[in-house]
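In what follows, a single structure is set out as structure tokens and then discussed.
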Amino acid sequence: MKLRDLSVLLGVIMIIAMLVVPLPGWLLSILILINITLALIVILVSMNVQEALQFSIFPSLLLLLTLFRLGLNVSTTRSILSKGEAGGVVDTFGSFVIGNNALVGFVVFVILVIIQFIVITKGAERVSEVGARFTLDAMPGKQMSIDADLNAGLISEQEARQRREKIEQEADFYGAMDGASKFVKGDAIAGIIIVLINILFGVVIGMVQMGLSLSESVEAFTRLTVGDGLVSQIPALLIATATGIIVTRVATTGNLGSDVSGQLLQYPKLLIIAAGAIFLLGLTPINFFLTTFISGFLALGAYLLMQQAKEPDIPDIEEEVESESSAMKSQENVIELLNMDPIEFEFGYALIPLVDASQGGDLLDRIIMIRKQLAIELGVVIPVVRIRDNIQLNPNEYRIKIKGNEVATGELMLDHYLAMTPGITEDDLEGIDTTDPAFGLPAKWISEEVKDLAELSGFTIVDPPSVVSTHMTEIFKRHAYALLGRQETKELVDHLKESLPILVEEVTPEPLAIGDIQKVLAKLLKERVSIRNLPVIFETLADYSKLTDDTDLLAEYVRQSLAAQITHQYVNGSDMLKVITVSGQVEKIISENIQQTAHGNYLSLEPEVQQSIIKTIHEEVEKLALQEEMTIVICSPAVRMYLKQLIEHYLPDVTVLSYNELEPNVQIQSVGVVNVA
């Protein structure tokens, strides 16, 4: 343990001992001086900090100093009442303040207590209460502001994390200060009570036990009591003032001294007005020489400040240029150029109102909701979307990039609405023909004037922000597997480990590494299977990873374990599922042409057979599309993975399920069969 840490612990133990063990006068004098020193250090530090969080230990320190001061009060009271003395410091303070009049000294002490209790302590307590309440009320707004800046690309993920931590620390600090201010209030009340006890009981003890007369007893114990009160109330006054400074401090770039001098003297002409007012006071019976001296001093200060304002500091341009050029040549700036954003959203200048909150744009808020929605729906945290305008794009064009590669584009007309056709082959709705960017369906951009008519005709009307947010949602779903890397997988595993450590330890790092788990999860996401139910996924991996390390097979086992989830995903409110079945002949062909290698299994079919199977599935899919039915191909578990690999490049949106991935109560209706021509 470091010496500084040990000294604090010993100090707390000593404070507890002071409450019980009598202390000699010389030791009391040392402790009193230490108390005054600590109070001076605290108020100087509170005046020097630029924001309250730089002195975040203040609430706990306030408690310790209050306890130390009360311990001194107990020790000095014990010494005063039992011995009639409390050390040289107390006696000196009492004699200096009282002089030859005990009543005047007592009144001075009472005034100090009133100033501390009614003015400083009461004000600091109120400011602490209001500060704590407003800080807690402002937390949601500050969090949303951070999320908006993060989505806009104004700050990095690390900066956002630091700002969130600062907000949490502010809430904790002001909440603690709200309670800690009660220590100062209680200390002031205790000081008043202790003084009354010392005077009343001191006079009685002096007369009864020490044989002093009434006047001698009053003089002696009043001097000691006032001295004791002063040596405790002066540090208490400093600490109370420090509390008020801390809770009223507004975060700036300077300390209290620089802020006061900089802001109070920022208008030199006002000093001239003040100097004139003071000079006019000298024309009254007030001392003319004194008012003239003060007004002259103010006028001189105003003149010097005005001269200083006329000669602003001119920075050395050559030095700035040299420093900037050297910074551009540094290795760190070059390395930063290698960073690539996981997701980028670029748009033309005409689409700026989409993201500009001052123009009513809410795309940033929509992206936050999309990320939350996909976290619930897919169980994966979508990275921050970097948003920027690009003058190289057409004014109404936007594009979405995943890891630097363009994956989607689209165009918007902000003063129009997108009307989705209800299936009418011919319509006379006035508008600009286009295609829905999210699903590729025919649509029209229509104006505000024909919006009501389109709704009456059965068209689905979508505003431009909803169009682009829906498009982004579908793109994120489709490429979620590409956004899940090893680092993201490690974060998911660590989150699961907090609640189920034994389960995680059974899976990783042995027998599966993080990379193996990432491959399994990516395979699930690629086929739109949510990985939110990580406990079930890891239970399955724990059972089967001892039998095989083939991530493709492990993903198939996981899919079967998630049968209830997959069934609920594709069965909408009924127990009937319309599917395209795979004939036994096709399944036999696939199973007989599976090649097993040391690096995994793969399907090896003749090109003619492949084309025949793909053509048959494509024909059946088109039939279902005319009936507006969901396209699902179902087969046996042994060939599901290979059939999906066969058609995913040609028919990526076709879902392939196995019988083991559906619950037994689901009825399957075959609306088509896959055969080999």
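Return the Rg/Rh value of the stretch 134-231, two decimal places, where both radii are evaluated on C-alpha atoms and Rh is the Kirkwood radius. Before the final figure, lay out each step's value.
Working: Rg = 27.4 Å, Rh = 18.0 Å.
A ratio of 1.52.
At a temperature of 10 °C and a viscosity of 1.306 mPa s, determine how fast the stretch 343-481 diffuses translationally according to Stokes-Einstein, using the Kirkwood radius over alpha-carbon pairs as Rh; express D in µm²/s, rounded to the nearest whole number. The diffusion coefficient I find is 100 µm²/s. Using all pairs of distinct alpha-carbon atoms, the Kirkwood hydrodynamic radius of the stretch 573-677 works out to 14.3 angstrom.
Sorted largest first, the principal axis extents computed over the alpha-carbon atoms of the stretch 170-219 equal 58, 15, 9 Å. Note on the stretch 433-497: the C-alpha convex hull projects to 6.4 nm² when averaged across all orientations. For the stretch 265-309, the calculated P(r), taken from all Cα-Cα distances in 5 Å bins from zero up to the bin holding the longest distance, is 5, 29, 28, 17, 12, 7, 2, 0 percent. The local environment of Asn73, defined by Cβ-Cβ distances under 15 Å, has a net charge of 0 under the rule Lys, Arg +1 and Asp, Glu -1.
With no solvent and one point per C-alpha, what does the Debye sum give as log10 I(q)/I(0) for the stretch 484-561 at q = 0.25, 0.27 Å⁻¹? Summing over Cα pairs of the stretch 484-561 leads to -1.33, -1.59.
The stretch 485-615 gives an Rg/Rh value of 1.03, both radii derived from C-alpha positions and Rh following Kirkwood.
Sort out for me the Cα centre separation of the stretch 531-553 from the stretch 631-670, rounded to whole Å. Between the Cα centre of the stretch 531-553 and that of the stretch 631-670, the gap is 20 Å.
No lab work stands behind these numbers, since they all come straight from the coordinates. All of these numbers come straight from a predicted model, not from anything done at the bench. For neighbour counting, all protein chains shown are included, and Cβ atoms are generated from backbone atoms with ideal geometry for every residue, glycine included.
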